[in-house]
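Right, one structure below, let's go through it.
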Amino acid sequence: MPILGSRLIGQPIQYTVKVGDYFHAIAEQYNVGMMALMASNPTVDPFLPRPGTVLDLPTSMLLPDAPYKGIVINLPELRLYYFPQDKNIVHVFPVGIGREGRKTPQMNSFVKAKVKDPIWTPTPSTRAEYLEKFKTVLPRYVEAGEHNPLGRFALQLAYGQSNYLIHGTNQSFGIGMRISAGCIRMNPDDIELLYARVVVNEPVRIINKPVKFAVEPNGQYLVEVHTPLSSETLDEDFNMTEVLDRFEDHKLNEEALNNALLLHYGLPVNVSI
């Protein structure tokens, strides 16, 4: 729960792999996203990391370029930020988002309703998809309980006629990944904390910003780059000239900047000279 003072929050943490470790367990232990952990350690096998390997955990980050109000979800980060009203703090949680073909939309919305012990009613398209891909016949609805994939708490978002939720899960896998049918999926403890603090009508912004910038009070110029959701998001539309314009006339370490843009580590990088 960092206190706001700059765009840079959290502390960098390194973790030494022990016998029997694997990325999913480490991500759960530190409450970071699976894909974020893989991005910050791209040369390490996530299923059989070598004991003694030192991992960079994605526990330090730049705040997204959005008003510090209510809930902000940056899709390429697979993170949710919650800025409580009248408090100079932020809560940060890893989330699962919509998979390819069932993407989570960008939106300026608000919390329409809070639902405890939600009933899951698969849409006709979801039922058809499961039947075609997995040869599984989904029930028309699932009551609250351990078999309900929405978990125990849900926040309903206002978005036209669509029913998008921020909700929990009954599965231990999928947080920090593109795996849902479009909703925002959270760890059970995280959604319980968020549910208790959020109020109806609180703003929700879902954005798509793979690159974040910060000019820190100490003079550092920082860049944080995440893998874009599609090839159109970054690549040719995001060139060095635009990056330099963001930093005005400051002299940059162009090698460090190029590496950040190329490698998508998802960690803040100092590109000052």
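Kindly evaluate Ile206 against the criterion of being part of a helix (DSSP H, G or I) and either touching a strand residue (DSSP E or B) at 6+ places or on another chain (Cβ under 9 Å) or modelled with pLDDT of 90 or more (or both).
No, not satisfied.
Go through segment 49-64 residue by residue and tally those that are loosely packed, with under 12 Cβ neighbours inside 10 Å and either of a type in the set (S, T, N, Q) or at pLDDT below 95 (or both).
So the count comes out to 0.
Consider only pairs whose beta carbons are under 8 Å apart and that are at least six residues apart or on different chains; among these, list those whose first residue lies in segment 5-19 and is closer than 13 Å to Val32 by Cβ and whose second residue is part of a loop (DSSP other than H, G, I, E, B) and at pLDDT 95 or above.
What qualifies is Gly10/Thr59; Gln11/Thr59; Pro12/Thr59; Pro12/Leu267; Ile13/Thr59.
Could you check segment 204-231 and list, in sequence order, the residues that are among the charged types (D, E, K, R) and under 14 Å from Asn74 (Cα atoms)?
Hits for segment 204-231 are Arg205, Lys209, Lys212, Glu224.
Kindly provide the set of residues from segment 65-81 that are surrounded by fewer than 22 Cβ atoms within 10 Å (Cβ to Cβ) and closer than 20 Å to Tyr30 by Cβ, ordered by number.
Passing the criteria: only Tyr81.
Working carefully through the options Phe173, Phe153, Phe110, find the one that is closer than 28 Å to Ala39 by Cα and among the aromatic types (Phe, Trp, Tyr).
The match here is Phe173.
Select from segment 21-39 the residues that are more than 10 Å from Gly266 (Cβ to Cβ) and free of Cβ contacts under 8 Å to residues at least 40 places away in the same chain and write down the one among them that is farthest from the chain's Cα centre (by Cα).
Ranking the qualifying residues of segment 21-39, first place goes to Asp21.
Does Pro49 satisfy the condition of being outside the structural domain of Pro188 (by TED's automatic domain parsing), without any contact (Cβ under 8 Å) to a residue 60 or more places away in the chain and more than 25 Å from Pro217 (Cα to Cα)?
Yes: the conditions hold for Pro49.
Which of the residues belonging to segment 135-164 are buried (at least 22 other Cβ atoms within 10 Å of the Cβ) and at pLDDT below 95?
Hits for segment 135-164 are Leu150, Gly151, Tyr164.
From Gly182, Gly168, grab the single residue that is without any contact (Cβ under 8 Å) to a residue 40 or more places away in the chain, buried (at least 16 other Cβ atoms within 10 Å of the Cβ) and farther than 30 Å from Ser272 by Cα.
Gly168
Hey, among Lys112, Lys116, which residue is under 19 Å from Ile191 (Cα atoms), surrounded by 14 or more Cβ atoms within 10 Å (Cβ to Cβ), more than 21 Å from the chain's Cα centre (by Cα) and modelled with pLDDT of 85 or more?
Lys112
Would you be able to say whether some residue in segment 67-74 is aromatic (Phe, Trp, Tyr), outside the structural domain of Gly20 (by TED's automatic domain parsing), in contact with a helix residue (DSSP H, G or I) (Cβ under 7 Å, 6 or more places away or on another chain) and within 26 Å of Gly160 (Cα to Cα)?
Within segment 67-74, not a single residue is aromatic (Phe, Trp, Tyr), outside the structural domain of Gly20 (by TED's automatic domain parsing), in contact with a helix residue (DSSP H, G or I) (Cβ under 7 Å, 6 or more places away or on another chain) and within 26 Å of Gly160 (Cα to Cα).
How many residues does segment 99-108 hold that are touching a Phe, Trp or Tyr at 6+ places or on another chain (Cβ under 9 Å) and surrounded by fewer than 21 Cβ atoms within 10 Å (Cβ to Cβ)?
2
The values are calculated or read from the model by the stated rules, or taken from the named source; none is laboratory data. All values reported here derive from a predicted model rather than from experimental measurement. Quick reminder, even Gly has a Cβ in these numbers, built from the backbone with ideal geometry, and neighbours come from all protein chains shown.
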